[in-house]
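Trainee: Please see the structure below; I have some questions.
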Amino acid sequence: MTAPLRIVLADDQALLRGTFRLLIDSTPDLEVVGEAGTGREAFELARELRPDLVLMDIRMPVLDGLEATRLIAAEPRLGGVKVLILTTFEDDEYVAEALRAGAGGFLGKGVDPEELLRAIRTVAAGESLLSPAATRALITRFLASPAAAAVVEAPLKALTAREREVVTLVAAGLSNEEIAAKLFVTPLTAKTHVNRAMAKLGARDRAQVVVIAYESGLVRPNSRR
């Protein structure tokens, strides 16, 4: 039996945390290992428990969810901890800030239970995930900033031509299987290219690859690939 994915819940509303706990703990492959009522507590629990994923609210006292996510992403020892933002504030600017902070996914609190469970599994596996309201067009409007290009230009130079091509496809939201079909390679080869590109870019997950692709100018808003 595979060990269940370990989840930390971070929300300042105890009732919501209790609801999420009941849902998650009723699923054999998931378990809640800790709860936090502030962003600071979420960060401290992430350091203490090293969960697979933190389900993070944005609006919390002491430290908000975006800053807590930044702290988790910046801590080398927490490289395996993913963050899924779950909030009522499903605003395009929040989406961009959440991705910049290091979140692997973003969902509104109006999602149905099964969609939330799928999202947890997806983000914990290192895939990026955005809710329907967080469309690619909205994200790119905030991420495609010329001022940010110089920050990631050097890492991009380390990519091979094929890895650059793969990064553009990841930014378009394609899965490894879809990338493989488009490039006429096996899914394993596609995954290898994605992983090598992530390592060279210093990206925690595919969501960070998306951020780098747009902020570097490698992919432009509304581009069609």
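Every read-out reported here was derived from the displayed coordinates using simple, explicitly stated rules and does not represent laboratory data. All values reported here derive from a predicted model rather than from experimental measurement. Glycine also receives a Cβ, built like all others from the backbone with ideal geometry; neighbour counts cover every protein chain displayed.
Trainee: When Lys and Arg each count +1 and Asp and Glu each count -1, what net charge do the other residues less than 13 Å away from LEU22, Cβ to Cβ, add up to? Present the calculation step by step, with values, prior to reporting the outcome.
Mentor: On the way: positive: ARG17, ARG21; negative: ASP25, GLU31, GLU35.
Once all neighbours under 13 Å are counted, the net charge is -1.
Trainee: Using amide H atoms built in the peptide plane, which far-off residues or other-chain residues are under 5 Å from ILE85 H to H?
Mentor: MET56, GLY104, GLY105, PHE106, LEU107
Trainee: Convert each backbone phi in segment 66-81 into a coupling constant with the Karplus relation 6.51 cos²θ - 1.76 cosθ + 1.60 (shift: θ = phi - 60°), then list the ³J(HN,Hα) values in order as whole Hz, x for Gly and Pro.
Mentor: 5, 5, 4, 5, 4, 5, 5, 5, 7, 8, x, 6, 10, x, x, 8
Trainee: What's the extension gain from ARG220 to ASN195 if we count 0.36 nm per residue and subtract their Cα-Cα distance? Mind showing how you got there, number by number?
Mentor: Values: separation 25, 0.36 × 25 = 9.00 nm, distance 2.24 nm.
Here the answer is 6.8 nm.
Trainee: So, one more: Run the simple label-point estimate for LYS109 and THR2 please: 7 Å along Cα→C-beta, distance reported in nm.
Mentor: It is 3.1 nm.
Trainee: Can you tell me how much longer the chain between ARG50 and ARG162 gets when fully stretched, taken as 0.36 nm per residue apart minus their C-alpha distance, in nm with one decimal?
Mentor: In short, 36.9 nm is gained.
Trainee: Quick check: net charge around MET56, other residues with Cβ under 13 Å of its Cβ, Lys/Arg +1 and Asp/Glu -1? List each step's numbers first, then the result.
Mentor: Numbers: positive: ARG17, ARG40, ARG59, ARG70, LYS82, LYS109; negative: ASP11, ASP12, GLU35, GLU41, ASP57, ASP64, GLU67, GLU97.
Once positives and negatives cancel, what remains is -2.
Trainee: Now for a separate question. On full extension of the chain, what length is gained from VAL62 through ALA181, given 0.36 nm per residue of separation minus the C-alpha to C-alpha distance? List each step's numbers first, then the result.
Mentor: On the way: separation 119, 0.36 × 119 = 42.84 nm, distance 4.69 nm.
The VAL62-ALA181 span can extend by a further 38.2 nm.
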